[in-house]
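Here the structure is laid out as structure tokens; the discussion comes afterwards.
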Amino acid sequence: MKEGNIPVIIGTGQLVDREANVDRHIEPLDMLTRVAHGARQDAGLTERDLKKLDTIALVGIPGWHPTNSANLVADRLDAHPRHEYVSGTGGQVGVTLLNSMANEIVQGESEFALIAGCNILKVLLQAIAAKKQLTWTRGGAGTPVLVGGDEPGSSELEGQYGLEQPTDIYPLFENAMRAKLGLDFDQHNQRMGNMFARFTEVAAGNDYAWFPTQRSAEELTTVTAANRMICFPYPKYLNAVLNTEQAAGLILCSVAKAKALGVPEEKWIYWWGGAHSQEKAWWASERPDFTECPSMKDTHVSALANAGVEIAEVDHFDFYSCFPIAVQMACEMLGLSVDDPRGFTVTGGLPYAGGPASAYTLHSIADMAQKLRDNPGQKGLVTGNGWYLTKHSAAVLSSAAKGSAPKDGLLTELPSTKMQTSPCVVDTAAEGGATIESYTVTYDREGKPKRGIVLGSMDTGSRFLANTPDSIDFLEDFVATEQVGVRGQLKVMGGHSIFQK
């Protein structure tokens with residue numbers, strides 16, 4: 001394969017501003033510019049070198065929507081790229097952008113690209129609460145190409161029953177998985193705690209982590225005033241932290257360009273292959289099986305196959321880790337044990353390193369690149385997950401050159417053909433005998449249960465979505481014992497479905 005068509009990451013840059021507030025912070029354009037220069041310095045390039053960028057691709061940034069953010073960055077760098085991209089929303093888009101830009105190099109459409117993203121939710125939410133106007137840079141000439149969509153992640157119907165945020169929805173998959181594995185609550189807490197305690201250990205050694213603090217399994221899973229229950233079974237320390245001020249960027253180019261720029265080969269990280277896809281059952285409430293993610297399996301298996309790598313040959317992982325179930329689901333889909341000695345993060349994960357909106361995977365790629373530089377010849381798998389185990393991406397990287405051409409895309413024969421994939425549409429008029437498939441209970445800030453949410457199957461076979469009675473006594477009893485598989489009666493009251501035991 002020609003050197004002009006082999007993609008390599010040559011530099012990465014990261015930024016964290018833990019002390020940021022509405023009165024003193026770094027605006028988004030400055031954050032992106034700083035990590036671009038950080039990646040430049042990491043690669044050993046000059047400011048003049050960045051003027052030759054032919055592609056700038058940015059992760060979509062919640063709360064900052066200039067006309068063309070990629071063009072604004074180009075102006076700051078005095079670059080005149082032929083291609084400008086901005087992604088939609090989702091935790092998968094960082095890896096998707098890497099795969100897309102790498103594929104552009106493989107196809108000869110690009111040779112020198114900057115990929116970057118940031119998160120400004122801490123300051124944005126402070127400004128909203130204080131009713132302060134943020135005067136961030138706007139504008140940007142031209143219109144960027146949109147990579148990925150901005151479709152809503154939850155339906156209007158789901159919102160009516162309280163399924164609106166990641167904290168509400170991921171517990172449905174977690175509780176279903178616990179029941180499938182036959183774990184009691186104590187065993188389940190130990191499993192989650194042990195897994196994420198290892199994540200905190202990695203975060204504690206990460207200079208760019210939002211919470212560089214090591215915690216024990218017991219600390220993570222024990223409900224306290226500081227670690228209140230958010231939605232059963234997740235206390236605060238098991239939830240991704242979105243209110244951060246972080247940024248990351250990377251420079252991707254062809255081997256030929258890397259040589260022309262004089263970048264030492266020991267800095268090169270080769271892109272071996274990737275893939276992305278999305279669940280056929282888009283809405284979480286319509287998933288045919290809450291313990292499987294067919295498109296996740298398709299994506300991860302395809303990326304590995306494209307790279308010509310077996311799962312046993314992967315030395316390092318960074319699985320998207322917004323909640324414990326995201327990591328457990330990846331393990332289930334790839335046949336891995338959750339206590340695999342290789343571990344599943346190089347950053348520390350979204351609850352501890354930080355979950356900077358759609359940009360998290362740029363941090364995982366940056367940290368993976370450094371891990372692979374430190375371990376010549378090894379391979380890493382980085383994955384992304386958007387919305388509610390809905391959109392998936394994966395990429396295989398290595399500090400060694402690949403023996404054959406790298407590629408992107410799904411396999412012709414996919415694992416999902418042997419799995420349930422069609423949506424189970426909710427029957428809003430269903431009444432009668434019903435069985436719980438999964439459930440959660442939301443909590444208020446004082447730690448009291450607030451709302452019970454149930455998904456399951458009617459005796460007729462149709463899917464239902466319902467709330468439970470809302471008394472505190474009922475809800476406290478509801479979370480005291482396993483509810484998956486429990487039978488009850490579904491009634492429609494005032495146009496709203498209620499599940500009663």
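No value in this document is a laboratory result; all are computed from the given coordinates. As the structure is a computational prediction, the values presented were derived from the model and not from experiment. Neighbour counts run over all protein chains shown; Cβ positions are idealised from the backbone, glycine included.
A straight Cα-to-Cα reach below 25 Å connects LYS2 with the lysines LYS51, LYS52, LYS257, LYS259, LYS267, LYS379, LYS402, LYS407, residues fewer than 8 places away in its own chain not being considered. Shape of region 462-501 from the C-alpha gyration tensor: oblate (a/c of 1.5 or more and a/b not above b/c, with a ≥ b ≥ c the square roots of its eigenvalues).
When both region 418-444 and region 15-56 are represented by their alpha-carbon centers, they are found 45 Å apart.
Label region 360-472 by shape, choosing from rounded, prolate and oblate, from the square roots a ≥ b ≥ c of the eigenvalues of the Cα gyration tensor; if a/c is under 1.5 it is rounded, and otherwise prolate applies when a/b is larger than b/c, oblate when it is not. Judged from the Cα gyration tensor, region 360-472 comes out oblate (a/c at least 1.5, b/c at or above a/b).
Packing order of peptides 114-123, 45-54, highest average first: 114-123, 45-54 (average count of other Cβ atoms within 10 Å over each peptide's residues). At an R0 of 35 angstrom, the distance between the Cβ atoms of GLN187 and THR435 translates into a FRET efficiency of 0.95.
Farthest toward the positive end of the dipole of the chain, out of ALA405, PRO415, MET458, is the Cα of ALA405, where the dipole comes from beta carbon charges about the Cα centre.
When both bridge partners sit in the chain, DSSP labels roughly 80% of those beta bridges antiparallel. Residues whose amide H comes within less than 5 Å of that of GLU27, counting only those at least five positions distant or on another chain, are absent (H built at 1.01 Å from N in the peptide plane).
Show that you can apply the helix-only estimate: for the chain, add -39,500 (n - 2.57) for every DSSP H stretch of four or more residues, divide by all residues, and state [θ] at 222 nm to the nearest 500. Before the final figure, lay out the partial values.
Values: 14 runs with 153 residues, N = 501.
Taking each H run of at least 4 residues, the total per residue is -9000 deg cm²/dmol.
Residues of region 206-249 with an amide N closer than 11 Å to a point placed 7 Å from the Cα of GLN41 along the Cα-to-Cβ direction: none. Among TRP272, TRP210, TRP136, TRP387, the order by Cβ neighbours within 10 angstrom, fewest to most, reads TRP136, TRP387, TRP210, TRP272. The residue among GLY495, LEU220, THR96 whose Cα reaches farthest toward the positive pole of the charge dipole of the chain, with charges on the beta-carbon of Lys, Arg, Asp and Glu, is THR96.
Size of the dipole of the chain about the Cα centre, Lys and Arg at +1 and Asp and Glu at -1 on the beta carbon, nothing else charged, in debye to 20?
Details: 43 positive and 59 negative charges, 147 e Å.
That gives a dipole near 700 debye.
The list [x] 0.98; [y] 1.66; [z] 1.08 gives values of Cα Rg over 2.2 N^0.38 Å, and only one came from this structure; which label was calculated from it? Correct label, based on the coordinates given: [x].
For THR224, what is the net charge nearby, where nearby means another residue's Cβ is under 11 Å from its Cβ and Lys, Arg count +1, Asp, Glu -1?
Values: positive: ARG228, LYS236; negative: GLU218, GLU219.
Overall, the nearby charge balance is 0.
Annotation: lysines with alpha-carbon distance below 20 angstrom to LYS448 (same-chain offsets under eight excluded): LYS236. Shown for GLU265, GLU446: other C-beta atoms within 10 Å of each C-beta, ranked fewest to most, produce the order GLU446, GLU265.
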